[in-house]
Amino acid sequence: MMGDVEDPDLYAGEPLWKWQESEAGKFVMEHAKEQPIWQRQHSHLTYGWEYAIIAKLEKKKLSEFYLRFGKIK
């Protein structure tokens, strides 16, 4: 989540990169069926932005992800 800024993608770049370089991020990047993507949407509650990383994993790898990292928010 991020506040109302002029260029939200610029500000989101560092946290997205840090996630990608984390243990959980590396797992997803390595085992995703397709290249993961991120989505930005406007938050009507905070008048800022929310980002989500979306990846497709096989059921077996998704189970392994949850066992290793839990549900990450």
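The values are calculated or read from the model by the stated rules, or taken from the named source; none is laboratory data. Just so it is clear, the model here is predicted, and its values are computed rather than measured. Using ideal geometry, Cβ is built from the backbone for each residue, glycine included, and neighbour counts are taken over all protein chains shown.
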Pair list, Cβ under 6 Å, 6 or more apart: the stretch 4-24 residue farther than 28 Å from residue 65 by Cα, other residue hydroxyl-bearing (Ser, Thr, Tyr) and in a helix (DSSP H, G or I): 5/11
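Of 62, 45, 16, 67, which residue is under 14 Å from the mean Cα position of the chain (by Cα) and at negative phi? Break it down into steps so the answer makes sense when it comes.
On the way: 62 fails: under 14 Å from the mean Cα position of the chain (by Cα); 45 fails: under 14 Å from the mean Cα position of the chain (by Cα); 67 fails: under 14 Å from the mean Cα position of the chain (by Cα).
Going through 62, 45, 16, 67 in turn, just one is under 14 Å from the mean Cα position of the chain (by Cα) and at negative phi: 16.
Hey, could you check the stretch 48-72 for residues that are assigned to a loop (DSSP other than H, G, I, E, B) and modelled with pLDDT of 90 or more and say which is surrounded by the most Cβ atoms within 10 Å (Cβ to Cβ)? Quick ask: steps written out before the conclusion?
The first filter runs over the stretch 48-72 and keeps only residues assigned to a loop (DSSP other than H, G, I, E, B), leaving 48, 55-58, 70-72.
Still in the list and also modelled with pLDDT of 90 or more: 48, 55-58, 70.
Values: 48: 14, 55: 19, 56: 14, 57: 17, 58: 11, 70: 9.
Out of the qualifying residues, it is 55.
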Criterion (surrounded by 10 or more Cβ atoms within 10 Å (Cβ to Cβ), of a type outside the set (A, V, I, L, M) and at pLDDT below 95) met by exactly one of 3, 25: 3
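Going by the structure shown, is residue 32 in contact (Cβ under 8 Å) with a residue 40 or more places away in the chain and among the small types (Gly, Ala, Ser)? Give the derivation first.
Working: in contact (Cβ under 8 Å) with a residue 40 or more places away in the chain: no; among the small types (Gly, Ala, Ser): yes.
Answer is no for this residue.
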Any chance you could count how many residues in the stretch 1-38 are among the aliphatic types (A, V, I, L, M), touching a strand residue (DSSP E or B) at 6+ places or on another chain (Cβ under 6 Å) and outside any helix (DSSP H, G or I)? 3
Identify, by number, the condition in (1) in contact with a strand residue (DSSP E or B) (Cβ under 7 Å, 6 or more places away or on another chain); (2) in a helix (DSSP H, G or I) that residue 41 doesn't meet. (2)
